[in-house]
1. Among residues belonging to the stretch 171-205 that are polar (S, T, N, Q) and under 17 Å from the mean Cα position of the chain (by Cα), point out the one that is surrounded by the most Cβ atoms within 10 Å (Cβ to Cβ).
2. Considering each of Gly14, Gly59, Gly49 in turn, give the residue that is at positive phi, in contact (Cβ under 8 Å) with a residue 24 or more places away in the chain and either hydroxyl-bearing (Ser, Thr, Tyr) or surrounded by fewer than 24 Cβ atoms within 10 Å (Cβ to Cβ) (or both).
3. Any residue in the stretch 184-202 that's assigned to a loop (DSSP other than H, G, I, E, B): show its pairings with residues that are modelled with pLDDT of 95 or more at Cβ separation under 7 Å, as long as the two are six or more apart or on different chains.
4. Let me spell it out: the conditions are (1) closer than 20 Å to Val79 by Cβ; (2) of a type outside the set (A, V, I, L, M); (3) surrounded by 11 or more Cβ atoms within 10 Å (Cβ to Cβ), and Asp148 meets all of them except one. Which number is the exception?
5. Quick check: anything in the stretch 75-92 crowded, with 22+ Cβ neighbours inside 10 Å, more than 30 Å from Gly158 (Cβ to Cβ) and in contact (Cβ under 8 Å) with a residue 60 or more places away in the chain?
6. In the stretch 20-36, what count of residues is obtained for those that are of a type outside the set (Val, Ile, Thr), outside any loop (DSSP other than H, G, I, E, B) and in contact with a Pro (Cβ under 9 Å, 6 or more places away or on another chain)?
7. In this structure, is Val103 at pLDDT 80 or above and either among the aliphatic types (A, V, I, L, M) or over 18 Å from the mean Cα position of the chain (by Cα) (or both)?
8. Which pairs do you get when a residue that is within 15 Å of Val140 (Cβ to Cβ) and free of Cβ contacts under 8 Å to residues at least 24 places away in the same chain, found in the stretch 150-169, comes within reach of a residue that is among the aliphatic types (A, V, I, L, M) and buried (at least 18 other Cβ atoms within 10 Å of the Cβ), reach meaning Cβ atoms under 8 angstrom, with the pair 6+ apart or on two chains?
Amino acid sequence: MSVIVVANPKGGVGKSTLATHVAGYYASRGHSVVLGDIDRQQSSRLWLGLRSRAARPIGAWDVNADRIVKPPKGSDRAVLDTPAGFDGRDFKDVFKMADKVLVPLQPSVFDIFATRAFLDQLQQHRHHDRLQIALVGMRVDARTIAADKLQEFVATLGIPVLGHLRDTQNYVHLAARGLTLFDLAPQRVEKDLAQWQPICDWLDA
């Protein structure tokens, strides 16, 4: 069993988009996947309810912020979507069971400062050496000054940046149908899949 936690203390940075796509990727590779959601908005759980029966199955990890339980038996990949402002006892419990942590980050000064403090906290509560932490830039336009500032920031962290995902309506349209890029014919979303490739390589490592 491998547990992947998607976390950032800021709201609206793309945690649910990242979590659902990680689950969708694992499902596309034939894994038995469960997706949990401890965010009050329950966006990932809503997405799971919209998912077509014709799509590759992703199970529900029945978990909430008041009771962190281990993923159900029979699954070999578990993905957990977390809320903004995630801290306290539950923070420690979640990261004890995590194998990988993906941190979505947008090119905004507010997101950058909030994420820096979170990464410091995460390092302090690192319970085992095998825990892998990586960043993913969300809604990044490489041509902007904001993208340059983001690059300057991540260069100081010593944490791998797996890539930058562009701001595209593909994610919006797919979310409304409970789908991911990995549920479509590759030629339809070739540009986006290319951005995901380094993330997928890290997930498989």
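The values are calculated or read from the model by the stated rules, or taken from the named source; none is laboratory data. From a predicted model like this one, the values you see are computed outputs, not experimental measurements. In this analysis, Cβ positions are derived from the backbone assuming ideal geometry, glycine residues included, and neighbour counts consider all displayed protein chains.
1. Narrowing the stretch 171-205 to residues polar (S, T, N, Q): 180, 187, 195, 197.
With the extra rule that they be under 17 Å from the mean Cα position of the chain (by Cα), the set shrinks to 180, 195, 197.
Details: Thr180: 27, Gln195: 19, Gln197: 11.
Result: Thr180.
2. Values: Gly59 fails: at positive phi; Gly49 fails: at positive phi.
From the options Gly14, Gly59, Gly49, the qualifying one is Gly14.
3. As it stands, the answer is Val189/Asn170; Val189/Leu181, since those pairs meet every condition given.
4. The single condition Asp148 does not satisfy is (1).
5. The answer is no, given that none of the residues of the stretch 75-92 is crowded, with 22+ Cβ neighbours inside 10 Å, more than 30 Å from Gly158 (Cβ to Cβ) and in contact (Cβ under 8 Å) with a residue 60 or more places away in the chain.
6. Pass one, the stretch 20-36, residues of a type outside the set (Val, Ile, Thr): 21, 23-32, 35-36.
Among the residues that remain, those that are also outside any loop (DSSP other than H, G, I, E, B) are: 21, 23-28, 35-36.
If we keep only those that are in contact with a Pro (Cβ under 9 Å, 6 or more places away or on another chain) as well, we get 27, 36.
The total comes to 2.
7. yes
8. Listed by first residue and then by second, the contacts come to nothing, as the list is empty.
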